[in-house]
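Values quoted throughout were computed directly from the atomic coordinates according to the rules given, and no laboratory measurement underlies them. Note that the structure is a prediction, hence the values are computed from the model and not measured. A quick note on method: Cβ atoms are made from the backbone with ideal geometry, for glycine too, and the neighbour counts reach across all protein chains shown.
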Amino acid sequence: MIKLSPSILAADPLRMGSALQLVKKARADELHFDVMDAHFVPNLSFGPALLAAMKQKMPGLVYDVHLMLSDPSKYVEMFAEAGASIITIHQEAKRFAPCLKKIRKLGVQVGASLKPGTPAETLLPVLDQLDRVLLMTVEPGFGGQKLMPEVLGKARELRMMGFAGDIEADGGIGLGNMQLLADSGINVLVMGTAFFKAADPAAVAAAVHAL
Ligand code: DX5
Ligand code: ZN
């Protein structure tokens, strides 16, 4: 089954509680939590306090934490403690390989993300340590951008490299292109705008699950 991870970056910031309810009611599989440091990407978003408040309000959700940070090693403990189920860091970040080991020791799932221009084979040395790979299908930093289809070939390459974990895609995904992603071997879809700005988010989740 293809899983859906709605990105709260696209939710109304004054109504995060209702956003959680929506994710639960729609039976989405995970909640995608984007963390930005205004250095790795030219934007700022959420910190561990919001994650901890969400986890307390809704402990049953799978918190899919995407760290767009230049030096994630300093912050992974904080996010694990706040309630992350999965922590994904970028291959392009500082101290990438040691940080993956650190995440594993914290007892949460380990993810690695690639910007659109970073080749899949850069993950070869660490592939056996990963629960998931997150393929950025836009330049990270902002919601509401257009998907770059040329990235999708990386999913096939990862499978050819023997990777059997989750392959997630993030950026510009919606009802109009989700089939293309599923056909490429991607099994977790992040949707910000396409979920939270939809008239009927539950119908969007149902459409993903019907793929
Ligand atoms: C982009 C973020 C995405 C973003 C996706 O840097 O990592 O998670 O919220 O938003 P949409 O689905 O609107 O492209
Ligand atoms: Zn993301």
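The sole residue among K154, K146 that is touching a Leu at 6+ places or on another chain (Cβ under 6 Å), more than 27 Å from M78 (Cβ to Cβ) and not in a strand (DSSP E or B) is K154. Taking the stretch 27-44 only, how many residues are surrounded by 20 or more Cβ atoms within 10 Å (Cβ to Cβ) and either more than 18 Å from the chain's Cα centre (by Cα) or among the small types (G, A, S) (or both)? Selection size over the stretch 27-44: 1. Here's a check for you: in the stretch 119-140, which residue that is within 16 Å of ligand 2 (Cβ to nearest atom) and surrounded by 18 or more Cβ atoms within 10 Å (Cβ to Cβ) is nearest to the chain's Cα centre (by Cα)? Ranking the qualifying residues of the stretch 119-140, first place goes to L134. Of all residues in the stretch 101-126, those that are on the phi > 0 side of the Ramachandran plot have Cβ atoms under 9 Å from Cβ atoms of residues that are part of a helix (DSSP H, G or I) and surrounded by 17 or more Cβ atoms within 10 Å (Cβ to Cβ), 6 or more apart or on another chain, in G107/A80. The selection criterion, being closer than 16 Å to A93 by Cα, over 16 Å from the mean Cα position of the chain (by Cα), of a type in the set (G, A, S) and surrounded by fewer than 17 Cβ atoms within 10 Å (Cβ to Cβ), does not hold for G176.
Residue check: M36 meets all listed conditions (1) under 12 Å from A84 (Cα atoms); (2) near ligand 1 (Cβ under 10 Å from one of its atoms); (3) in contact with a Leu (Cβ under 7 Å, 6 or more places away or on another chain) but one, namely (1).
The set of residues in the stretch 158-173 being more than 16 Å from ligand 2 (Cβ to nearest atom) and buried (at least 20 other Cβ atoms within 10 Å of the Cβ) consists of L158, F163.
Listed by first and then second residue, the pairs with beta-carbon distance under 9 Å, at least 6 apart or on different chains, first residue in the stretch 1-18 and under 20 Å from A199 (Cβ atoms), second within 14 Å of ligand 1 (Cβ to nearest atom) and basic (K, R), are A10/K197.
Yes/no matrix, rows are residues, columns are (1) more than 24 Å from H209 (Cα to Cα); (2) within 16 Å of ligand 1 (Cβ to nearest atom); (3) of a type in the set (S, T, Y):
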{"position": "S5", "(1), (2), (3)": "no, yes, yes"}
{"position": "Q21", "(1), (2), (3)": "no, no, no"}
{"position": "V41", "(1), (2), (3)": "yes, yes, no"}
{"position": "L51", "(1), (2), (3)": "yes, yes, no"}
{"position": "K57", "(1), (2), (3)": "yes, no, no"}
{"position": "K74", "(1), (2), (3)": "yes, no, no"}
